[in-house]
Structures are given as structure tokens and as C-alpha cells.
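Student: One structure is given below, represented as C-alpha cells, and several questions about it will come after.
The numbers here are math on the coordinates, done by the rules we state, and not lab data. Because the structure is predicted, anything quoted here is derived from the model rather than measured. Quick reminder, even Gly has a Cβ in these numbers, built from the backbone with ideal geometry, and neighbours come from all protein chains shown.
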Amino acid sequence: SSRASAVLSALEIPTTPIELPGVYDGEWKGSGEVFQSVCPATGEVLANVNSASPAELHGALERTREAYVYFRSIPAPKRGEIIRQIREALAAKRDDLGALVSLEMGKIRTEGIGEVQEFVDICDYAVGLSRMMNGRVVNSERPGHTILEGKSRVPPTMPHRSHQSPTICPVPNPLGVLGVLSAFNFPVAVYGWNLAISMAAGNATIWKPSPSTPLCSIAVTKIVSGVLEKNGVPGAVAGLVTGGKDVGEAVVQSQEVDMVSFTGSEKVGRIVGKNVQSRFGKVLLELGGNNAAIIMPDADLSLAVPAVFFGSVGTAGQRCTSTRRLYLHRAIAPEFLARLQTLYTSPALQPGDPLDARTLLGPLHSRAALDIFDDAIAELKGAGAQIVSAGDGSGRYEDLTPPLDRGNFVRPSIALIPKQLKSKAKFNSKAKSESESESVSDAGAGALWATERFVPVLCVAEFDELEEAIAWNNAVPQGLSSSLWTRDLRHVGKWIGPAGSDAGIVNVNVGTSGAEIGAAFGGNKSTGWGRESGGDAWKQYVRWSACTINFSDEAPLAQGVNFTP
Ligand code: NAD
């Protein structure tokens with residue numbers, strides 16, 4: 001369609017023929033299985049992408065290793081300069097690339113652009129980092145000794161140092177090859193978080209994107225490789241292997257890949273984590289979330305209601321940080337719900353083309369997600385929940401005009417969970433589990449709350465005490481994002497302290513959904529404990545060594561051990 005070709009041609013992606021190579025290792029190729037890119041708003045096939053054959057994957061992994069050996073010798077601030085140029089190239093194409101995210105993934109215009117902005121932001125961060133990835137000097141208990149924590153090579157002050165080594169110690173060393181496996185819902189930003197930090201660290205990166213968003217990965221790789229080529233850097237510093245489960249498994253199992261950064265479902269993450277661990281590789285897992293917002297009676301509802309609305313309906317409920325559980329204090333529950341329902345039924349929430357700047361509600365990404373939505377509503381209804389916002393009850397829109405009538409649109413829904421189910425969920429909390437173990441075995445009520453359903457369904461329950469709501473917040477296996485709404489400092493203290501939220505993201509008067517690149521992003525428990533983006537996340541992308549150097553003419557043993565014959 002002209003709608004699609006306008007987006008693709010702005011990024012120099014040919015629209016005819018619609019068969020594209022999906023592998024880049026310095027050169028574009030692809031002769032493996034063909035994957036279709038389908039627009040979720042219209043059902044239109046955008047392109048057929050030729051994924052990596054086993055031989056091409058093997059070749060790409062070899063090129064990536066070679067590229068790493070080259071790239072690690074470039075001083076970090078010089079690598080930072082290349083990242084700065086990537087930032088400029090991305091910023092120049094920000095709106096076009098954002099439009100492609102909307103076209104192929106289905107998220108709305110400002111969110112598509114926002115995702116590219118995140119890549120731009122993390123590049124800025126990584127440029128700074130390239131001059132700040134420092135190790136430490138540690139005090140030694142032995143005279144004339146120094147411990148450098150960071151690198152393992154001999155310092156330049158030593159007479160027998162290697163003349164090939166241009167780096168000044170102590171700095172952490174590059175790790176090697178990073179494999180990035182990413183999910184459909186952030187087809188650009190997740191790779192950006194990883195690539196920018198990985199490049200600053202001196203690694204080469206190979207990307208296996210979601211099989212349903214290959215065009216985004218091709219467009220990003222074209223932009224990045226253009227900068228690498230201009231700088232005479234091997235393209236395989238940022239390689240691409242599109243494909244499905246087989247390609248993902250091969251990357252995970254390859255000894256060429258020193259660290260795997262995996263973003264996706266809990267189910268696949270569990271397999272990936274075990275497989276990488278079994279070969280003693282490094283793994284960073286960013287898995288599913290099941291995020292709760294708690295609203296205290298003193299909360300400012302004019303801020304809390306729109307935040308919960310965005311958290312549960314934004315991206316059509318397809319963010320790992322989407323608000324899926326809402327706990328309302330009994331005193332404000334009726335008013336909060338009434339105000340939330342008004343937003344849910346607002347005419348502005350009509351489904352629309354994600355490329356249209358006025359659209360707030362885009363489609364679900366896949367046909368399969370429609371079944372997940374239907375199953376979720378059926379399961380909740382079966383358990384006695386009251387669905388208070390699903391229109392005619394089916395959750396589908398009957399009156400959409402072509403071509404949107406072939407899109408995966410569903411009506412965002414609120415499910416009120418009756419008291420007895422709610423209180424059983426509470427007994428699943430760790431705090432209660434020892435004293436009330438017979439209730440823990442009641443998995444029925446627990447499962448209702450414990451599963452991440454990647455669709456816009458918000459489960460709601462009422463509580464009386466903050467402690468109760470915190471116990472529910474913590475009662476699920478996942479631990480990504482959480483949000484408390486209050487003006488009372490004492491509540492804040494409880495929430496962020498040792499008996500508070502056990503999630504990786506613990507917000508106050510800020511919704512669960514979304515994040516800035518400056519803080520480390522990630523979750524605890526079954527979300528996988530990984531951290532990406534800001535904070536200390538970069539420390540995972542380097543190889544650490546403790547290096548003890550003896551500058552003296554004695555060689556004493558530590559702890560005063562004497563081994564003189
Ligand atoms: P998914 O687990 O189905 O797929 C993720 C990636 O794994 C894809 O690239 C896929 O091809 C690959 N894969 C599938 N099987 C594999 C295997 N056996 N070995 C290796 N790779 C394999 O996830 P999805 O449906 O694309 O994404 C949605 C999920 O991602 C949700 O659970 C969401 O919460 C999560 N997510 C988490 C974060 C986070 O930062 N915590 C961010 C975005 C998405």
C-alpha cells in the first residue's frame with residue numbers, strides 16, 4: 001500500500017520486490033527460512049525476509065568474533081566517537097524509524113518515535129560512559145603491593161610491559177561477543193540499550209530480533225552499519241541474524257557468544273538461562289512483568305487515574321511494564337473506578353491507524369494475541385470476575401472500516417475480582433506462606449493473579465491496609481515494576497524499604513509503565529534479575545579481573561603465611 005511504501009522508502013528499504021535479505025555480517029545476505037512481516041493494524045504483508053541459514057549464522061558468528069578482535073583495540077573514547085555518530089544518524093531518521101515501529105509492531109506514533117528517542121538517549125549515555133568505564137585501585141595488606149580491580153594486563157610503569165598494549169590500566173576489559181535476543185514489543189529500543197553499552201565496552205554484538213519485526217532490525221542495522229563503514233570499522237561489530245527459535249537457540253548455544261542478553265517471555269527465558277549457564281556463559285535476562293499499582297486514600301487522583309490509564313491501555317497493554325494489577329484502597333475505590341471507566345469509554349480511545357498522530361489505541365501485535373485476550377476474559381469471567389468495560393462483552397470492535405477491520409484490535413478491559421479470590425491471592429505471599437500453607441496450595445485463585453497476560457486486561461481488587469496491598473504486590477512470581485500513589489511519607493518509607501515492594505522498579509506517584517535510560521532497568525524474581533541501560537548495568541558488559549602487582553623486592557604471602565623451607 002502507499003501507506004507502507006511511504007514509511008519504507010524513507011528508510012531506503014525497497015518495496016519491490018518485497019523479499020529482503022535478513023542477515024548482515026559486513027555484507028547483506030539471507031537464504032534461510034522466509035519470515036513475513038505483517039502490519040498488525042491492517043493485516044497487510046509488508047515484506048518477506050530471508051532469515052539466516054545455519055551456514056550463514058555460523059559465518060556471521062565467525063565475522064563477529066573477528067570484528068571483536070579488531071574493535072577491542074580501539075580506545076574507548078574513540079569508540080565513543082563512533083557511537084556519537086550513530087546517535088546523529090539515528091536522530092536524523094528518528095521520525096521515519098518511529099513510523100516503521102508503528103507500522104510493523106503496531107504501537108502508536110508518539111510511542112514509536114519515543115522508542116527511537118530511547119536509542120538516541122542511550123547513545124548519549126554510552127558516549128559519556130566511554131570515558132568513564134573505570135576500574136579501582138584497592139589497598140593491599142602487603143607492603144609494595146597494589147591491587148588493580150579491572151584489568152589483568154601489566155601496567156605501563158612496569159619495565160617488561162607489552163608494547164602492543166595501548167590501554168592504560170586499570171580499566172575493565174571488553175568481554176567479547178554479545179548476543180542480543182529481543183522481543184517483538186520493543187523492536188528498536190531494547191537492541192539500542194544493549195548495542196550502545198556493548199560498543200562502549202569494546203564488544204562486538206550480534207542481534208537476533210523477534211521474527212515478527214524483521215524490518216525494524218534491518219532498518220536499524222542499515223543506519224548503524226553506514227556509520228561503521230564510514231569509520232572503516234568491520235560491519236560485524238553490529239551484526240544481524242534474523243530468524244526464529246532455531247536461530248535463537250544456535251546463538252544461545254554458541255561458544256563464540258560470551259554473553260547473551262535476552263528479552264522476552266518467562267517461558268523462553270527459563271530455557272535460555274539454563275542453556276547459557278550450562279556452558280558457563282554470561283546471561284542477562286529481561287523477562288515478563290506483572291506490575292501492580294496501589295492507590296492509597298490520600299493519593300492525588302487527578303494524577304493517579306491518568307497514570308493507571310496509560311499504564312494499562314498504552315501500547316495496547318503490550319509493555320513489559322504495563323499495569324496489569326490495580327489495588328484500590330476501599331475509601332477511594334468507587335471514585336477511582338468511575339473516573340477510570342470514563343477514560344476507558346472516552347471517544348478518544350477509538351482504535352485507529354497507529355501511523356495517525358491522533359490514535360491512542362493501536363492493535364495487538366499478532367493474531368495469536370487475540371486468542372490470549374479472549375482466553376483471559378473467559379478465564380476471569382469463569383472465576384467470577386466482573387468485566388466492566390468490554391463494551392458488548394466480546395472485547396471486539398464490530399464497526400471498524402477497512403483496512404482496519406483486518407487489524408488485531410481489542411477493547412481494553414477492566415476485571416473486578418471478587419473478594420474471596422482476592423484474599424486467597426494474598427495468602428500466596430511469602431510472608432503468609434509459612435503460617436497458612438494450606439491456602440498456598442490453592443493454585444486456582446493464585447494463578448488468576450500470577451500470570452502475565454500480554455493484552456490490555458487490568459485486574460482490580462480492593463484493600464484495607466497498605467501492608468495487605470504490598471503483600472499482594474509481592475505475591476506473584478514476577479518482579480519488574482510497581483507503583484504506589486500516596487502523599488504520606490510514612491507509606492513511602494514502607495514501600496521502598498525492606499518490607500516494601502520486591503520489584504526491580506519501585507515507583508512513587510509515577511506509573512509502572514515506561515522508564516528513563518539513566519536508571520538501571522530490570523526486574524527481580526522470575527523477571528530474571530537482569531539490569532540494562534543506565535546505573536551500573538554497563539558493568540555486566542565487561543570482563544573484570546583483580547590484578548595484584550608487586551612493586552617491591554620482596555614477595556610476601558597474604559595473611560602472613562610463611563612457606564620458607
Ligand atoms: P518470546 O519469549 O516469545 O521471544 C523472545 C525472543 O526469543 C524472540 O527473538 C524469539 O525468536 C526468541 N526465541 C524463542 N524461542 C527461543 C529459544 N528456544 N531459544 C532462544 N531464543 C528463542 O517473547 P515475545 O513474545 O517476543 O515478547 C513478549 C515478552 O517479552 C513478554 O513476556 C514481555 O514482558 C517480555 N519483555 C520483557 C522486557 C523486559 O525488559 N523485562 C521488555 C520487553 C518485553
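Student: Extension gain Arg406-Asp374, at 0.36 nm per residue separation less the Cα-Cα distance, in nm?
Tutor: Numbers: separation 32, 0.36 × 32 = 11.52 nm, distance 1.69 nm.
Length difference between fully extended and current span is 9.8 nm.
Student: Here is a follow-up. Only counting other Cβ atoms within 10 Å, I'd like Val388, Val177 sorted with the fewest neighbours first.
Tutor: Numbers: Val388 15, Val177 25.
Going from sparsest to densest Cβ surroundings: Val388, Val177.
Student: Let me ask something else. Listed here are the pairs Lys282/Lys539; Lys29/Lys208; Lys78/Lys230; Lys78/Lys282; Lys245/Lys267; which of them are more than 18 Å apart at the Cα?
Tutor: Details: Lys282/Lys539 12 Å; Lys29/Lys208 15 Å; Lys78/Lys230 14 Å; Lys78/Lys282 26 Å; Lys245/Lys267 13 Å.
Lys78/Lys282, as the Cα separations exceed 18 Å there.
Student: Show the residues, 5+ positions off or on another chain, whose built amide H is closer than 5 Å to the amide H of Val508.
Tutor: Those lying under 5 Å, H to H, from Val508 are Leu484.
Student: If the chain between Arg367 and Phe563 were fully stretched, how many nm would it gain, using 0.36 nm times the residue separation less the Cα-Cα distance? Don't skip to the answer; put the middle values down first.
Tutor: Working: separation 196, 0.36 × 196 = 70.56 nm, distance 7.11 nm.
Length gained, Arg367 through Phe563: 63.4 nm.
Student: Moving on. Taking the Cα atoms only, what angle lies between the long axis of helix 109-129 and the longest principal axis of the chain, rounded to 10 degrees?
Tutor: Long axis of 109-129 versus the principal axis of the chain: about 20 degrees.
Student: Quick one: Met105, Met132, fewest Cβ neighbours within 10 Å first, how do they rank? Walk me through the numbers on the way to the answer.
Tutor: Values: Met105 28, Met132 11.
Least crowded to most crowded, the residues run Met132, Met105.
Student: How far, in degrees from 0 to 90, does helix 333-344 lean away from the longest principal axis of the Cα atoms of the chain, to the nearest 10?
Tutor: 80
Student: If you split all Cα-Cα distances of the chain into 10 Å bins from zero, what percentages do you get per bin, shortest first?
Tutor: Each 10 Å bin holds this share of Cα pairs: 4, 17, 25, 24, 17, 9, 3, 1, 0, 0.
Student: Give, as a single signed number, the net charge of other residues whose beta carbon lies under 14 Å from the beta carbon of Gly514, with Lys and Arg counted +1 and Asp and Glu -1.
Tutor: On the way: positive: Lys107, Arg319; negative: Glu111, Glu115, Glu118, Asp121, Glu516.
After counting each charged neighbour, the total is -3.
Student: Quick one: dipole size for the range 40-150, taken about the Cα centre, charges +1 on Lys/Arg Cβ and -1 on Asp/Glu Cβ, in debye to the nearest 20. Kindly include the intermediate steps, with their values, before the conclusion.
Tutor: Details: 14 positive and 16 negative charges, 112 e Å.
That gives a dipole near 540 debye.
Student: Could you work out the per residue convex hull volume over the alpha carbons of the range 249-397, in cubic angstrom?
Tutor: On the way: hull volume 25.7 nm³, N = 149.
Cα convex hull per residue, to the nearest whole number: 172 Å³.
Student: Rounded, prolate or oblate, given the Cα gyration tensor of the range 194-313, with a/c below 1.5 counting as rounded?
Tutor: Details: a/c = 2.44, a/b = 1.64, b/c = 1.49.
The shape class here is prolate.
Student: May I pose another question? If all Cα-Cα distances of the range 188-241 are sorted into 10 Å bins from 0 onward, what percent lands in each bin, rounded to whole numbers?
Tutor: Per 10 Å bin, starting at zero, the Cα-Cα P(r) for the range 188-241 comes out as 24, 61, 14, 0 percent.
Student: Need one number: the % of Cα-Cα pairs in the range 52-144 sitting beyond the 17 Å mark.
Tutor: Numbers: 2925 of 4278 pairs.
Above the 17 Å cut-off, the range 52-144 has 68 percent of its Cα pairs.
Student: Where does helix 94-104 land angle-wise versus the long Cα axis of the chain, in degrees 0 to 90, nearest 10?
Tutor: 60
Student: Dipole of the chain, Cα-centred, from +1 at each Lys and Arg C-beta and -1 at each Asp and Glu C-beta, to the nearest 20 debye? Intermediate values should be presented prior to the final figure.
Tutor: Working: 53 positive and 58 negative charges, 197 e Å.
Dipole of the chain, to the nearest 20 debye: 940 debye.
Student: Taking the number of other C-beta atoms within 10 Å as the exposure measure, put Trp538, Trp28 in order starting with the fewest. Don't jump to the answer; show the numbers that get you there.
Tutor: Values: Trp538 24, Trp28 17.
Arranged by neighbour count, lowest to highest, Trp538, Trp28 become Trp28, Trp538.
Student: Ala357 versus Arg270, label points 7 Å from Cα toward the beta carbon: distance in nm?
Tutor: About 4.6 nm, to one decimal.
Student: First check a/c for the range 450-543, with a ≥ b ≥ c the square roots of the eigenvalues of its C-alpha gyration tensor; if it is under 1.5, answer rounded, and if not, answer prolate when a/b is larger than b/c or oblate otherwise.
Tutor: Values: a/c = 1.95, a/b = 1.47, b/c = 1.33.
In terms of gyration-tensor shape, prolate.
Student: Grab the beta carbon distance between Ile147 and Asn231, set R0 = 51 Å, and tell me the FRET efficiency rounded to 0.05. Mind dumping the intermediate values first?
Tutor: On the way: r = 36 Å, r/R0 = 0.71.
Result of the calculation: an efficiency of 0.90.
Student: How would the range 1-122 be classified by its alpha-carbon gyration tensor: rounded, prolate or oblate, with rounded meaning a/c under 1.5 and the a/b versus b/c comparison settling the rest?
Tutor: Details: a/c = 2.57, a/b = 1.23, b/c = 2.10.
In terms of gyration-tensor shape, oblate.
Student: Note down the nm distance, to one decimal, between modelled labels 7 Å out along Cα→Cβ at Asp464 and at Asn139.
Tutor: Between Asp464 and Asn139, the simple spin-label model gives 5.5 nm.
Student: Select from Ala41, Gly59, Ala6 the residue farthest towards the positive end of the dipole of the range 5-78; place +1 on Cβ of Lys and Arg, -1 on Cβ of Asp and Glu, and compute about the Cα centre.
Tutor: Gly59
Student: Grab the beta carbon distance between Glu44 and Ala338, set R0 = 45 Å, and tell me the FRET efficiency rounded to 0.05.
Tutor: On the way: r = 39 Å, r/R0 = 0.88.
So the FRET efficiency works out to roughly 0.70.
Student: Now for a separate question. Tally Lys and Arg at +1 and Asp and Glu at -1 over the other residues with C-beta under 12 Å from the C-beta of Ala60: what net charge comes out? Can you show the working numbers first?
Tutor: Details: positive: Lys29, Arg63, Arg65, Lys208; negative: Asp25, Glu27, Glu56, Glu62, Glu66, Glu256.
Every neighbour counted, the sum reads -2.
Student: Lys/Arg Cβ at +1, Asp/Glu Cβ at -1, dipole of the chain taken about the Cα centre: which of Gly176, Leu20, Ser278 is farthest positive-ward?
Tutor: Value computed over the given set: Gly176.
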